[in-house]
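A.B. asks: Starting off with a structure, shown below.
The values are calculated or read from the model by the stated rules, or taken from the named source; none is laboratory data. Since the model is a prediction, treat every value here as computed from it, not as a measurement. Note that we place each Cβ from the backbone using ideal geometry, even for glycine, and neighbour counts take in every protein chain shown.
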Amino acid sequence: MKPPSMRLADLLSTVPHSSVAGPVDALVNHLTCDSREVAPGSLFVALKGFHRDGRIFAREAYERGARVVLAHGDPLEPAPPDLTWVVCPRDREAFSAAAAALYGTADRTVRLVGVTGTNGKTTTAYLLRSIFREAGGAGMLGTIEYDDGEGLRPAARTTPEAHEIHRWIRILQERGIPYGAMEVSSHSLVLARVKDVPFRVAAFTNLTRDHLDFHHTMEAYYQAKRALFDLLAKDGTAVVNVSDSYGQRLAEELTRKHPLSVGLDRQAQVFPESFEMDLNGIRASLATPFGPVEVRSSLTGGYNLQNLLVAAASALSAGATPEQVSEGVASLRGVPGRTERVDAGQPFHLLVDYAHTDDALKNLLQTLRELQPRRIITVFGCGGDRDRSKRPLMGAVAARLSDVLFLTTDNPRTEEPAAIARDVETGIRPELRPGKSVRTVLDRREAMREALAEAGPGDVVVVAGKGHEREQIIGERRLPFHDPTVLFELLQEMGWR
């Protein structure tokens, strides 16, 4: 990408700020909120974080070459005479505006689709990228990876900071890539990371309990998600899954924007006229205002059928044809950590899934139950230092819909694994019935080993919670741990190849 360049005075004309101390004739060619990324020509944004004040890194940024700092307040120590200090009380909004201005992303040459919701964002984004590749090319930002159309890199978070987003859009623009798909998290909406992103389509999958450690109430969580639709341009399209109760509410509130509704019944504008599904995938005929669409997917389950509907409607709204939707859906062989199959020739099905909310786990296990396996054997746990209220709910769902349950660790972080397990067990106990088996095995690898040893022909083993993740966080340590890889190793130790 050609480095951008903009006079600080011109950049500040786009940024909400209250004061400037220092010269404004410097050229800015880089923007970051991470002092470790600073180089000569950088503007350093000292964000007010939840745990640390970014102003404490201003000296390091200066020593690395930054001559401009944007912060929510005055310097914590006297600033060097050649450092320009810009005070922006709304620091995150200023960061977003500066990123949009520096990287020149307002012209909307890239058709961007933002996907929000509790569950299904990643799968929907992967479907969109696959469809858009058939339609001329695509980039993607999401939970698993960032794709600028030519290269991939692991994602640090679901939705990156504003400067990374606008730099990504600029790269797509310069490379002539016509489409982009983004997962848009509720955190990113509250923190203004996407405030100045030019969305052509905004899509809503569903809303269930999650992240209440951050949002505190479901209403606040909903309002955070809803904010995405206020960012649509006048000619943009809102795509809403009305099979979800919050989606129904959202569609009603967006009446003036004429949302495109998707759902499992014929009251929606995009719906399946017919469909079949089994453990091998989904086959469906979709009715849409753009014409009929035939889809064949290796994904399975009613929740993935809803993801397919959202992806198809969003892609069509962005400019893809029905044929490109069909071809793109068929070419996606799977999504890492989302009902990902692990097969070493064993006589039972083995699936890894990221399901880490009670609704996601319920959808997954209900789908498998409807396919009538001999038994469902589930391995799962709950993360530490996160929303505790969902732990008994996940325990209840897992016990109700599984035949054999192994309760283990997820990412305990700084909490005691046994204490997390006790929270989960309060939901498990009321659901216990004759014939059900529950075992607590806090070592995740050992829990997997015992689950595989338990399984026989016709069973389905589900390992839930971590999906694509490649680390397990225990205390302050990040230890290598990738569920599919560990399962393959265990299967090989058991004699399967």
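A.B. asks: Given the conditions (1) buried (at least 20 other Cβ atoms within 10 Å of the Cβ); (2) under 17 Å from residue 126 (Cα atoms); (3) not aliphatic (A, V, I, L, M), and given that residue 358 satisfies all but one, which numbered condition is not satisfied?
C.D. replies: Evaluating residue 358 over (1) buried (at least 20 other Cβ atoms within 10 Å of the Cβ); (2) under 17 Å from residue 126 (Cα atoms); (3) not aliphatic (A, V, I, L, M) leaves (2) as the failure.
A.B. asks: Is there a residue in segment 421-428 that is in the same structural domain as residue 358 (by TED's automatic domain parsing), among the hydroxyl-bearing types (Ser, Thr, Tyr) and assigned to a helix (DSSP H, G or I)?
C.D. replies: In the first step, residues of segment 421-428 are kept if they are in the same structural domain as residue 358 (by TED's automatic domain parsing); the result is 421-428.
Within this subset, residues satisfying the condition of being among the hydroxyl-bearing types (Ser, Thr, Tyr) are 426.
Imposing the further condition that a residue be assigned to a helix (DSSP H, G or I) reduces the set to 426.
Yes, that holds for at least one residue.
A.B. asks: Between residues in segment 103-130 that are farther than 23 Å from residue 206 by Cα and residues that are in a loop (DSSP other than H, G, I, E, B) and of a type in the set (Val, Ile, Thr), which pairs lie under 7 Å by C-beta distance while being six or more apart or on different chains?
C.D. replies: 110/177
A.B. asks: Kindly indicate whether any position in segment 135-142 is of a type outside the set (Asp, Glu), out of contact with any strand residue (DSSP E or B) (no Cβ under 7 Å at 6 or more places or on another chain), more than 21 Å from residue 305 (Cβ to Cβ) and in contact (Cβ under 8 Å) with a residue 60 or more places away in the chain.
C.D. replies: Scanning segment 135-142 turns up no residue that is of a type outside the set (Asp, Glu), out of contact with any strand residue (DSSP E or B) (no Cβ under 7 Å at 6 or more places or on another chain), more than 21 Å from residue 305 (Cβ to Cβ) and in contact (Cβ under 8 Å) with a residue 60 or more places away in the chain.
A.B. asks: Same structure again: Only one of 447, 421, 453 is among the small types (Gly, Ala, Ser), free of Cβ contacts under 8 Å to residues at least 60 places away in the same chain and surrounded by 12 or more Cβ atoms within 10 Å (Cβ to Cβ). Can you tell me which?
C.D. replies: Numbers: 447 fails: free of Cβ contacts under 8 Å to residues at least 60 places away in the same chain; 453 fails: surrounded by 12 or more Cβ atoms within 10 Å (Cβ to Cβ).
One residue alone meets the criteria, 421.
A.B. asks: I would also like to ask the following. Let me confirm something: among 209, 193, 226, 200, which residue is basic (Lys, Arg) and touching a Pro at 6+ places or on another chain (Cβ under 9 Å)? Steps first, answer last, please.
C.D. replies: Working: 209 fails: touching a Pro at 6+ places or on another chain (Cβ under 9 Å); 226 fails: touching a Pro at 6+ places or on another chain (Cβ under 9 Å); 200 fails: touching a Pro at 6+ places or on another chain (Cβ under 9 Å).
Criteria check complete, one pass: 193.
A.B. asks: While we're looking at this one, here's another question. Could you pull out the residue among 171, 177 that is of a type outside the set (Asp, Glu) and in a helix (DSSP H, G or I)? So that I can check it myself, show each step before the final result.
C.D. replies: On the way: 177 fails: in a helix (DSSP H, G or I).
On inspection, the qualifying residue turns out to be 171.
A.B. asks: Please go through segment 277-293 and give me each residue that is modelled with pLDDT of 95 or more, assigned to a loop (DSSP other than H, G, I, E, B) and surrounded by 11 or more Cβ atoms within 10 Å (Cβ to Cβ), ordered by number.
C.D. replies: Result: 288, 290, 291, 292.
A.B. asks: While we're on this one: Quick check, is residue 487 in contact with a strand residue (DSSP E or B) (Cβ under 9 Å, 6 or more places away or on another chain) and either assigned to a helix (DSSP H, G or I) or in the same structural domain as residue 143 (by TED's automatic domain parsing) (or both)?
C.D. replies: Values: in contact with a strand residue (DSSP E or B) (Cβ under 9 Å, 6 or more places away or on another chain): yes; either assigned to a helix (DSSP H, G or I) or in the same structural domain as residue 143 (by TED's automatic domain parsing) (or both): yes.
Judged against the criteria, residue 487 is a match.
A.B. asks: Within segment 228-241, which residues are more than 20 Å from the chain's Cα centre (by Cα) and within 21 Å of residue 120 (Cα to Cα)? Before the answer, list the steps.
C.D. replies: In the first step, residues of segment 228-241 are kept if they are more than 20 Å from the chain's Cα centre (by Cα); the result is 233-237.
Once the filter is applied, which keeps residues that are more than 20 Å from the chain's Cα centre (by Cα) and within 21 Å of residue 120 (Cα to Cα), segment 228-241 yields only 237.
A.B. asks: Which of the residues spanning segment 304-316 are buried (at least 24 other Cβ atoms within 10 Å of the Cβ) and more than 11 Å from residue 239 (Cβ to Cβ)?
C.D. replies: 304, 306, 307, 308, listed by residue number.
A.B. asks: Let me ask another. Of the residues in segment 366-388, how many are under 21 Å from the mean Cα position of the chain (by Cα) and farther than 17 Å from residue 483 by Cα?
C.D. replies: Going through segment 366-388, the residues under 21 Å from the mean Cα position of the chain (by Cα) turn out to be 380-388.
Next cut, farther than 17 Å from residue 483 by Cα only: 384-388.
Residues in segment 366-388 being under 21 Å from the mean Cα position of the chain (by Cα) and farther than 17 Å from residue 483 by Cα: 5 in total.
A.B. asks: Something else now. Filtering segment 463-473 down to residues that are part of a strand (DSSP E or B) and out of contact with any helix residue (DSSP H, G or I) (no Cβ under 8 Å at 6 or more places or on another chain), which residue is surrounded by the most Cβ atoms within 10 Å (Cβ to Cβ)? Steps first, answer last, please.
C.D. replies: To start, the set of residues in segment 463-473 that are part of a strand (DSSP E or B) comprises 463-464, 471-473.
Retained after the next criterion (residues that are out of contact with any helix residue (DSSP H, G or I) (no Cβ under 8 Å at 6 or more places or on another chain)): 471, 473.
On the way: 471: 13, 473: 19.
Checking each candidate, the answer is 473.
A.B. asks: May I ask you to list the residues in segment 163-191 that are under 16 Å from the mean Cα position of the chain (by Cα) and among the small types (Gly, Ala, Ser)? Before you say what the answer is, go through the steps one by one.
C.D. replies: As a first pass, look at segment 163-191 and keep what is under 16 Å from the mean Cα position of the chain (by Cα): 164-165, 180-191.
Correct list: 180, 181, 185, 186, 188.
A.B. asks: Please verify whether segment 146-166 includes one or more residues that are in a strand (DSSP E or B), closer than 30 Å to residue 363 by Cα and at pLDDT 95 or above.
C.D. replies: yes
A.B. asks: Right, something else. Identify all residues within segment 1-28 that are in contact with a strand residue (DSSP E or B) (Cβ under 9 Å, 6 or more places away or on another chain), within 18 Å of residue 105 (Cα to Cα) and surrounded by 15 or more Cβ atoms within 10 Å (Cβ to Cβ); write none if there are none.
C.D. replies: 4, 6, 8, 11, 12, 15, 28
A.B. asks: I want to confirm something. Restricting to segment 392-404 and keeping residues that are in a helix (DSSP H, G or I) and surrounded by fewer than 22 Cβ atoms within 10 Å (Cβ to Cβ), which single residue is nearest to the chain's Cα centre (by Cα)? First the steps, then the outcome.
C.D. replies: Here is the first cut: in segment 392-404, the residues in a helix (DSSP H, G or I) are 392-401.
Those left that are additionally surrounded by fewer than 22 Cβ atoms within 10 Å (Cβ to Cβ): 392-393, 396, 400-401.
Working: 392: 24, 393: 22, 396: 25, 400: 27, 401: 26 Å.
Looking at residues that are in a helix (DSSP H, G or I) and surrounded by fewer than 22 Cβ atoms within 10 Å (Cβ to Cβ), I get 393.
A.B. asks: Just to verify a result, which residue in segment 349-363, among those that are among the aliphatic types (A, V, I, L, M) and within 14 Å of the chain's Cα centre (by Cα), is modelled with the lowest pLDDT? Quick ask: steps written out before the conclusion?
C.D. replies: Going through segment 349-363, the residues among the aliphatic types (A, V, I, L, M) turn out to be 350-352, 355, 360-361.
The next check asks that each one be within 14 Å of the chain's Cα centre (by Cα); those that pass are 355, 360.
Working: 355: 92, 360: 89.
So, considering only residues that are among the aliphatic types (A, V, I, L, M) and within 14 Å of the chain's Cα centre (by Cα), the one modelled with the lowest pLDDT is 360.
A.B. asks: Could you say whether any residue in segment 230-246 is part of a helix (DSSP H, G or I) and over 30 Å from residue 297 (Cα atoms)? Don't jump to the end; show me each part of the working.
C.D. replies: Of all residues in segment 230-246, those part of a helix (DSSP H, G or I) come to 230-231, 245-246.
Subsequent filtering for residues that are over 30 Å from residue 297 (Cα atoms) retains 230-231.
Checked against the condition, which is being part of a helix (DSSP H, G or I) and over 30 Å from residue 297 (Cα atoms), segment 230-246 yields at least one hit.
A.B. asks: Moving to a separate point now. Which condition does residue 385 not pass, out of (1) buried (at least 22 other Cβ atoms within 10 Å of the Cβ); (2) under 23 Å from residue 473 (Cα atoms), if it passes all the others?
C.D. replies: (1)
A.B. asks: I want to confirm something. Restricting to segment 89-130 and keeping residues that are within 13 Å of the chain's Cα centre (by Cα) and polar (S, T, N, Q), which single residue is surrounded by the fewest Cβ atoms within 10 Å (Cβ to Cβ)? Lay out the reasoning, then the answer.
C.D. replies: First pass over segment 89-130, keeping only residues within 13 Å of the chain's Cα centre (by Cα): 114-126.
Applying the additional criterion that residues be polar (S, T, N, Q) yields 116, 118-119, 122-124.
Details: 116: 28, 118: 20, 119: 26, 122: 25, 123: 26, 124: 32.
Residue satisfying both the conditions and the ranking: 118.
A.B. asks: Now for a separate question. Can you tell me which of 101, 125, 97 is modelled with pLDDT of 95 or more, hydrophobic (A, V, I, L, M, F, W, C) and farther than 20 Å from residue 38 by Cα?
C.D. replies: On the way: 101 fails: farther than 20 Å from residue 38 by Cα; 97 fails: farther than 20 Å from residue 38 by Cα.
Step by step, each of 101, 125, 97 is checked, and only 125 is modelled with pLDDT of 95 or more, hydrophobic (A, V, I, L, M, F, W, C) and farther than 20 Å from residue 38 by Cα.
A.B. asks: While we're here: Which condition number does residue 479 fail, the rest of (1) farther than 23 Å from residue 372 by Cα; (2) crowded, with 16+ Cβ neighbours inside 10 Å being met?
C.D. replies: Going through (1) farther than 23 Å from residue 372 by Cα; (2) crowded, with 16+ Cβ neighbours inside 10 Å one by one, residue 479 breaks only (2).
A.B. asks: Restricted to segment 226-276, and to residues that are of a type in the set (S, T, N, Q) and closer than 24 Å to residue 183 by Cβ, which residue is surrounded by the fewest Cβ atoms within 10 Å (Cβ to Cβ)?
C.D. replies: 245
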